[in-house]
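One structure is given below, encoded as structure tokens.
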Amino acid sequence: MQTKTSVLSALAISVGLFSAHALAASPETVTVGYQKANIFALLKYRGTLDETLKKEGISVRWVEFPAGPQMLEGLNVGSIDLAATGDAPPTFAQAAKADLVYLGHSPANPQTEAIVVPGNSPIKKVADLKGKRVGLNKGSDVNYLLVKALEEAGLTYKDVTPVYLPPADARAAFQKGAIDAWVIWDPYLAEVEANADAREIRNAEGLAPHYTFYLASRPFAENHPETAKQVIDELSKLSDWANQHQDEAAAILAKSTGLEKSIWQTTLKRLPYGASRMTAKVFDEQQALADTFTRVGLLPVKVDVRSATWSLDKR
């Protein structure tokens, strides 16, 4: 005859198993935030994630955002489950107490962001930017590139006049000569090089790794770890396909963004896609970015990047 203690123990085990099963249960819908030019856009138009998750009774809902900060706000308030952004937006989101985790990252791609000037500009090197008006998207990855490039040249962020503009407005300002230089990323970098005689004076090589990070809301990642891992697996498969079929990938992204296919062909030649789980080295590089932003006053508080480690990566 079972004792009261053994019955309670069995019940506790059963409840624990039930709770673990409930937490690991598949969601009915996965909501993915994307931008027209990032890897999730390619995943959306290829349809492979939808096909894979449909087999398990999971639907995918795609929500478009104009930029990374807005997308991570959506992640924070629960309107999306997953997002992909560059290096900087997650640190600003963490500073704002967003409850997110890093699921993984792309390969480093420092050649895909640069400081450019008009072809006929007297500016030849970064040191020549002293006292100049420099256009950039505030709080973006290129903000980090500019800080690091200025420091490499013996200058500080206070030695230039930052002109904070989104890419479309900065492109117009660059064309009109309203800014002396522009710090920008692909595919906009490839476009201005091709169509506006832009000349590169420094890219991110040796200064900033420039990753794409794959992010999730913590509740989603912790409650549905298998689904989160499936998404990373699909991103990895997609990356292999895109790296081997750049012409087809360029055609998809040209349609998504409205940019010429040739612009995307140039971009993809210097943009290796990939999806790997987080490592200590990548966390250290991301922490260096966050600390730099705090030091120059772009972040209001110190951010502990590792506080956004996914529990699966702590094991």
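(1) open to solvent by less than 10 Å² (accessible area, probe 1.4 Å); (2) under 14 Å from the mean Cα position of the chain (by Cα): which one isn't true of ALA275, the others all being true?
Only one criterion is unmet by ALA275, namely (1).
If ALA250 satisfies every condition in (1) more than 18 Å from GLY86 (Cβ to Cβ); (2) under 18 Å from the mean Cα position of the chain (by Cα) but one, which is the exception?
That leaves (2) as the condition not met.
Any idea how many residues of region 199-219 are surrounded by 23 or more Cβ atoms within 10 Å (Cβ to Cβ) and more than 19 Å from ASN143 (Cβ to Cβ)?
Matching residues across region 199-219 total 3.
Could you grab me the full set of residues in region 83-97 that are of a type in the set (Gly, Ala, Ser), in a loop (DSSP other than H, G, I, E, B) and either under 19 Å from PRO66 (Cα atoms) or under 13 Å from the mean Cα position of the chain (by Cα) (or both)?
The one that is of a type in the set (Gly, Ala, Ser), in a loop (DSSP other than H, G, I, E, B) and either under 19 Å from PRO66 (Cα atoms) or under 13 Å from the mean Cα position of the chain (by Cα) (or both): GLY86.
When region 58-70 is examined, which residues are found to be open to solvent by 70 Å² or more (accessible area, probe 1.4 Å) and in contact with a Leu (Cβ under 7 Å, 6 or more places away or on another chain)?
Listed by number, the list is empty, since nothing qualifies.
Can we say GLY177 is without any contact (Cβ under 8 Å) to a residue 60 or more places away in the chain and not hydroxyl-bearing (Ser, Thr, Tyr)?
Here the answer is yes, as GLY177 does meet what is asked.
Condition test on ALA190, is it surrounded by 23 or more Cβ atoms within 10 Å (Cβ to Cβ), out of contact with any Gly (no Cβ under 7 Å at 6 or more places or on another chain), aliphatic (A, V, I, L, M) and part of a helix (DSSP H, G or I)?
So ALA190 passes the test.
Could you list, in sequence order, the residues of region 114-142 that are closer than 21 Å to GLN70 by Cα, over 13 Å from the mean Cα position of the chain (by Cα) and either at pLDDT 95 or above or open to solvent by less than 30 Å² (accessible area, probe 1.4 Å) (or both)?
Answer for region 114-142, where residues must be closer than 21 Å to GLN70 by Cα, over 13 Å from the mean Cα position of the chain (by Cα) and either at pLDDT 95 or above or open to solvent by less than 30 Å² (accessible area, probe 1.4 Å) (or both): GLY135, LEU136.
Hey, any hits in region 289-302 for a residue that's closer than 29 Å to HIS224 by Cα and open to solvent by less than 60 Å² (accessible area, probe 1.4 Å)?
So far as region 289-302 goes, yes, one or more of its residues are closer than 29 Å to HIS224 by Cα and open to solvent by less than 60 Å² (accessible area, probe 1.4 Å).
Answer yes if at least one residue in region 14-29 is open to solvent by less than 10 Å² (accessible area, probe 1.4 Å) and at pLDDT 85 or above, and no otherwise.
Within region 14-29, none of the residues are open to solvent by less than 10 Å² (accessible area, probe 1.4 Å) and at pLDDT 85 or above.
Write out, first by first residue and then by second, each pair whose Cβ atoms fall under 7 Å of each other, whose residues are 6+ apart or on separate chains, and whose first residue, in region 89-110, is touching a residue at least 40 places away in the same chain (Cβ under 8 Å) while the second is among the charged types (D, E, K, R) and in a helix (DSSP H, G or I).
Every condition considered, the pairs that remain are ASP99/ARG218; LEU100/ARG218; VAL101/ARG218.
Taking only region 71-84 into account, find how many residues are open to solvent by 90 Å² or more (accessible area, probe 1.4 Å) and either modelled with pLDDT of 95 or more or under 21 Å from SER256 (Cα atoms) (or both).
So the answer is 0.
For region 40-65, enumerate the residues that are closer than 22 Å to LYS138 by Cα and under 13 Å from the mean Cα position of the chain (by Cα).
The answer is PHE65, and nothing else.
Let's see how each residue does on (1) aliphatic (A, V, I, L, M); (2) out of contact with any helix residue (DSSP H, G or I) (no Cβ under 9 Å at 6 or more places or on another chain); (3) farther than 27 Å from THR91 by Cα:
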| site | (1), (2), (3) |
| --- | --- |
| GLU152 | no, no, no |
| VAL160 | yes, no, no |
| ARG171 | no, no, no |
| GLN175 | no, no, yes |
| VAL192 | yes, no, yes |
| THR212 | no, no, no |
| SER217 | no, no, no |
| GLU222 | no, no, no |
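The values are calculated or read from the model by the stated rules, or taken from the named source; none is laboratory data. Note that the structure is predicted; figures quoted are calculated from it, not measured. Positions of Cβ are generated from backbone atoms using ideal geometry, with glycine treated the same way; all protein chains shown enter the neighbour counts. In case anyone asks, the SASA skips ligands and DNA or RNA and just uses the protein heavy atoms, side chains included. Shrake-Rupley method; radii C 1.70, N 1.55, O 1.52, S 1.80 Å.
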